[in-house]
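*Asks:* Below is the structure I would like to discuss, written out as structure tokens.
The values are calculated or read from the model by the stated rules, or taken from the named source; none is laboratory data. These numbers were taken from a predicted model, which means no experiment stands behind them. Using ideal geometry, Cβ is built from the backbone for each residue, glycine included, and neighbour counts are taken over all protein chains shown. Each accessible area value is taken on the protein alone, full model and side chains, heavy atoms only, with ligands, DNA and RNA left out. Shrake-Rupley method; radii C 1.70, N 1.55, O 1.52, S 1.80 Å.
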Amino acid sequence: MTATAGGPGSWSENILEYFLRNNQITTEDGALIIWCHAANHKVQVHEALRSTAHMIEADVILPSDGSEHGQPIMAHPPEINSDNTLQEWLAEVIKSNKGIKLDFKSLAAVEPSMMLLENVKRHLKRPVWINADVLPGPNGNSRVVDAKPFIDTVISFFPDVTFSLGWTTGWHPEKVNEGYSWTMVKEMEYICNELNQPVTFPVRAALVRQSCSQLLWLLKQSNRYSLTIWTGKNDSYSIEDLLFIRDHFDKKRVFYDILEPQNHEFKQAIGIKINL
């Protein structure tokens, strides 16, 4: 396992360096990266490819019958069906120069998906992020993807990749929501410290402010680490929370995959022009 964070065109190339090199951003600032989230169905993929997004994120599951011979499809649970297979999705996305993030909700979908990625590897000279929630996190009750077999399976196909490793989380409007605890970040560091690949940690915007010390500590453990801030559809958090993150963390090491209207307000507040 000799992969290191990546040279030009490699799957582990830092996305800021990749899009800077391609003249799509002007400086190394994670807030400049535009995300297209849950681009699963065919119409969503076509919209994403026509958009100004730099990174396309999509969800991979096996079909609802669970058969081992089922081809991976693009859907986010609780959806269990899709008009799009991973093979079809990749065939469209490789025509673009956009970065890719594939989110796995089950271990069973990983190996057949890696085989499909292998078929198009020569066309993917760009960052590729492979994501799964591998640890239980704050208020979370979803099933985790077992970290070791997930990481081992991906690396057996592609040692040169960027991992996105997260925690299952929940957010409840009617109660106090715990943040990421010391135990949670230390467990994650234990999983990641032996890796050579870059790792980004997807963290829920509404839970970051109360976890600032823990997440700053985690990023200090390796310069391969970054955060990707994401938001649940009904989460309540303030633009001040996002600005707090912006002020306390290295701008090169935090990405913001957040929903509207907060995304627009946040970009406005930090002086980034949005092309709609």
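*Asks:* If Lys101 passes every condition in (1) open to solvent by 60 Å² or more (accessible area, probe 1.4 Å); (2) out of contact with any helix residue (DSSP H, G or I) (no Cβ under 8 Å at 6 or more places or on another chain) but one, which one does it miss?
*Replies:* (1)
*Asks:* Which residues, counting only those in the range 85-97, are without any contact (Cβ under 8 Å) to a residue 60 or more places away in the chain and more than 10 Å from Met74 (Cα to Cα)? Full working, then the answer.
*Replies:* Applying the first criterion (without any contact (Cβ under 8 Å) to a residue 60 or more places away in the chain) to the range 85-97 yields 85-96.
If the condition is that a residue be without any contact (Cβ under 8 Å) to a residue 60 or more places away in the chain and more than 10 Å from Met74 (Cα to Cα), then Leu90, Ala91, Glu92, Val93, Ile94, Lys95, Ser96 are the ones that fit.
*Asks:* Let me ask something else. Could you list all residues from the range 147-177 that are open to solvent by 20 Å² or more (accessible area, probe 1.4 Å), in contact (Cβ under 8 Å) with a residue 24 or more places away in the chain and of a type in the set (A, V, I, L, M)?
*Replies:* Ile155 - this is the single residue of the range 147-177 that is open to solvent by 20 Å² or more (accessible area, probe 1.4 Å), in contact (Cβ under 8 Å) with a residue 24 or more places away in the chain and of a type in the set (A, V, I, L, M).
*Asks:* Continuing with this model, one more query. Which residues, taken from the range 71-98, are open to solvent by 70 Å² or more (accessible area, probe 1.4 Å) and closer than 23 Å to Trp167 by Cα?
*Replies:* His76, Pro78, Glu79, Ile80
*Asks:* Still on this structure, I have one more. Here are some residues: Arg122, Arg126. Which one is touching a helix residue (DSSP H, G or I) at 6+ places or on another chain (Cβ under 9 Å), closer than 23 Å to Phe19 by Cβ and among the charged types (D, E, K, R)? Quick ask: steps written out before the conclusion?
*Replies:* Working: Arg122 fails: touching a helix residue (DSSP H, G or I) at 6+ places or on another chain (Cβ under 9 Å).
After applying the criteria, what remains is Arg126.
*Asks:* Across the range 114-146, what is the total count of residues that are open to solvent by 50 Å² or more (accessible area, probe 1.4 Å), of a type in the set (A, V, I, L, M, F, W, C) and more than 27 Å from Asn223 (Cα to Cα)?
*Replies:* Number satisfying all stated conditions: 1.
*Asks:* Check Tyr190, Tyr180 and return the single one that is over 20 Å from Tyr18 (Cβ atoms), hydroxyl-bearing (Ser, Thr, Tyr) and part of a loop (DSSP other than H, G, I, E, B). First the steps, then the outcome.
*Replies:* Details: Tyr190 fails: part of a loop (DSSP other than H, G, I, E, B).
Answer to the check: Tyr180.
*Asks:* How many of the residues in the range 178-192 are surrounded by 17 or more Cβ atoms within 10 Å (Cβ to Cβ) and among the aromatic types (Phe, Trp, Tyr)?
*Replies:* 1
*Asks:* Now for a separate question. List the helices (runs of 4 or more DSSP H) that sit entirely inside the range 200-266 and contain at least 3 residues that are surrounded by fewer than 19 Cβ atoms within 10 Å (Cβ to Cβ) and in contact (Cβ under 8 Å) with a residue 24 or more places away in the chain.
*Replies:* On the way: elements: 205-208, 212-220, 239-248.
The helices (runs of 4 or more DSSP H) meeting that bar are 212-220, 239-248.
*Asks:* Which one is farthest from Tyr237 (Cα to Cα), of the residues in the range 178-191 that are among the aromatic types (Phe, Trp, Tyr) and in contact (Cβ under 8 Å) with a residue 24 or more places away in the chain?
*Replies:* Result: Trp182.
*Asks:* For the range 104-113, give me each residue that is open to solvent by less than 10 Å² (accessible area, probe 1.4 Å) and touching a helix residue (DSSP H, G or I) at 6+ places or on another chain (Cβ under 7 Å).
*Replies:* Residues satisfying the conditions are Phe104, Val110, Ser113.
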